[in-house]
1. Within region 10-26, does at least one residue satisfy the condition of being touching a strand residue (DSSP E or B) at 6+ places or on another chain (Cβ under 6 Å), among the acidic types (D, E) and part of a loop (DSSP other than H, G, I, E, B)?
2. Residue under question is A61, and the condition is that it be farther than 19 Å from G123 by Cα and either within 15 Å of the ligand (Cβ to nearest atom) or in the same structural domain as I223 (by TED's automatic domain parsing) (or both); does it hold?
3. Can you confirm whether L105 is open to solvent by less than 10 Å² (accessible area, probe 1.4 Å), farther than 24 Å from V220 by Cα and among the aliphatic types (A, V, I, L, M)?
4. When you check A50 against the structure, is it more than 16 Å from the ligand (Cβ to nearest atom) and among the aliphatic types (A, V, I, L, M), yes or no?
5. Where residues in region 37-47 are within 15 Å of the ligand (Cβ to nearest atom) and open to solvent by 20 Å² or more (accessible area, probe 1.4 Å), which of them is farthest from S112 (Cα to Cα)?
6. Any residue at all in region 112-128 that is in a helix (DSSP H, G or I), more than 18 Å from V85 (Cβ to Cβ), away from the ligand (no atom under 16 Å from the Cβ) and modelled with pLDDT of 95 or more?
7. If I filter region 141-152 for residues that are among the polar types (S, T, N, Q) and open to solvent by less than 40 Å² (accessible area, probe 1.4 Å), do I get at least one hit?
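The values are calculated or read from the model by the stated rules, or taken from the named source; none is laboratory data. Remember, it's a predicted structure, so these values are computed and weren't measured experimentally. Positions of Cβ are backbone-derived with ideal geometry, glycine not excepted, and every protein chain shown enters the neighbour counts. These accessible areas exclude ligands, DNA and RNA; they are computed on the full protein's heavy atoms, side chains included. Shrake-Rupley method; radii C 1.70, N 1.55, O 1.52, S 1.80 Å.
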Amino acid sequence: MNSVLERRLAAMKGTEACLVFGSGYLANVGTIPALVGQADTILLDELSHACMYAGARLSGAEIHIFRHNDVEHARELIERAQGQVLVLTETVFSMDGDRAPLLELNALCEHSGAWLMTDDAHGLGILDAPNPAPIQMGTLSKAAGAYGGYVCGPAEVIDMLVSRARSFVYTTGLPAPVLAAAIRALDIMCEEPYRADRAKDHAALFCDLMRLPAPESVIVPVIVGEEARTMNISAALERDGYLVTAIRPPTVPKGTSRLRITFATGHTEADVRRLSETLNRLLQS
Ligand SMILES: *Cc1c(COP(=O)(O)O)cnc(C)c1O
């Protein structure tokens, strides 16, 4: 059943092959050190997920952080880098729901011989635009509602991971019921695109009602600023039936505490309207 899921994912991503891992975290901490080592360089978008940082440290490569979505900064760092360069970023950033400039980053990598690897944890099932990155990891635990991680890429990369990614080789794979759930979830994503559209419509309506810029995904941040106030608003929303997490330092810089709102298919338009009214009231009080 593993290979069925791997074929499905590779077809969805338009890559030659795919390898399924026990989780997204395991996919990143196994893949990154298999690709590069001590003589090499890793460039990480500063807002990359903790498990990309973990994989980067495990690899022993020199690590440089580029400013969020700043392709020019990445270019400067690549020019000074030693060995093979691996550039790591997310398709949709987990905290703010914004997207990486993948076409520009991919062009930069192709031009300079660097490898681009993206983390699509929040993009699977949501983003329509094809991803140009040759190596694409992701998780089945977010929109797919199952469990497990994967890496899609060229057959020679995937073959190498099968024997060299330690978090694949030395740990148990996913149980069959989880694989079956993931396969079914991918079927539903492909057969019933209105589900993703509905979640995206909710995010768009919310941003419209809140006079926020149009959303780039189904994750919408509302910057509040002060930590205690953000926590209080999150608690008030919870009493009102809304699970909206407060994101605060050290996850985000001091003074930029925010509410992270994630829209889903199961929400209704009335939920979205009531949320914006409640939130506007709380923000004004
Ligand atoms: C959740 C997440 C992961 C980890 O995936 P798991 O399958 O939960 O281990 C990796 N990267 C990003 C960006 C995530 O949001």
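1. no
2. No, not satisfied.
3. no
4. Answer is no for this residue.
5. Per the criteria, the residue is L47.
6. For region 112-128, residues in a helix (DSSP H, G or I), more than 18 Å from V85 (Cβ to Cβ), away from the ligand (no atom under 16 Å from the Cβ) and modelled with pLDDT of 95 or more: absent.
7. The initial filter retains those residues of region 141-152 that are among the polar types (S, T, N, Q), namely 141.
Narrowing further to those that are open to solvent by less than 40 Å² (accessible area, probe 1.4 Å): none.
No, there is no match, as no residue in region 141-152 is among the polar types (S, T, N, Q) and open to solvent by less than 40 Å² (accessible area, probe 1.4 Å).
Quick grid of which residues meet (1) at positive phi; (2) without any contact (Cβ under 8 Å) to a residue 24 or more places away in the chain:
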residue: Y242; (1), (2): no, no
residue: A246; (1), (2): no, yes
residue: G255; (1), (2): yes, no
residue: L259; (1), (2): no, no
residue: T262; (1), (2): no, no
residue: T265; (1), (2): no, no
residue: T268; (1), (2): no, yes
residue: R273; (1), (2): no, no
residue: R281; (1), (2): no, yes
